[in-house]
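**Q** Below is a structure I'd like to ask you about.
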Amino acid sequence: MRDTIMTALKDAMKAGDKARLGAVRLIQAAIKDKDIEARGLGKGQASPEDLLALLQKMVKQRQESAAIYCANARPELAEIEEAEIATIQSFLPKQLDEEATKAAIAAAIAETGAASMKDMGKVIALLREKFAGQMDFAKASGLVKTMLSS
């Protein structure tokens, strides 16, 4: 992932794409901060899982900011946030659609033998292990509740 981001930085510089360049620099800065934090904990560089979580957090932050800008009649600022979201998401694995998410949840329920809401933690843990970065776990959690309660 680090190589992909570095390549994207160089491509954005060559193309003169200031918006993408700025977003990629923000990503690099966040990764450097994460690496420094990991070194402080004696881990060396941040793991690929840590980087996925970081990028997902960055997307969520920008989505919240864009919603606030739209609510306060600042569409030009919301557009900037949306452009950054698109750039960050280009480095994330492809997200599962709703049908694939439901199928993955059904498989996880079958694999764990979950029968009630008490088993929800097992199902979510299995999904996080298998689909990290590919699934919105806030939505998945609601789907798991629905499937376990019916």
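**Q** Of the conditions (1) surrounded by 14 or more Cβ atoms within 10 Å (Cβ to Cβ); (2) more than 22 Å from residue 61 (Cβ to Cβ), residue 131 fails just one. Which one is it?
**A** Every condition holds for residue 131 apart from (2).
**Q** Take the range 97-112 and flag every residue that is crowded, with 18+ Cβ neighbours inside 10 Å and farther than 12 Å from residue 145 by Cα.
**A** Selection gives 101, 104, 108.
**Q** Another question, then. How many residues does the range 113-127 contain that are assigned to a helix (DSSP H, G or I) and surrounded by 15 or more Cβ atoms within 10 Å (Cβ to Cβ)? Full working, then the answer.
**A** Let us first name the residues in the range 113-127 that are assigned to a helix (DSSP H, G or I), namely 117-127.
Pick out the ones that are also surrounded by 15 or more Cβ atoms within 10 Å (Cβ to Cβ) and you get 119-120, 122-124, 126-127.
Total satisfying the criteria: 7.
**Q** Something else about it: Name the residue, out of 94, 145, 102, 118, that is within 25 Å of residue 65 (Cβ to Cβ) and basic (Lys, Arg).
**A** Values: 145 fails: within 25 Å of residue 65 (Cβ to Cβ); 102 fails: within 25 Å of residue 65 (Cβ to Cβ); 118 fails: within 25 Å of residue 65 (Cβ to Cβ).
Checking each option against the conditions leaves just 94.
Throughout, read-outs are computed from the coordinates displayed, never taken from laboratory work. Please read these numbers as outputs of a predicted model, since none were measured by experiment. Glycine also receives a Cβ, built like all others from the backbone with ideal geometry; neighbour counts cover every protein chain displayed.
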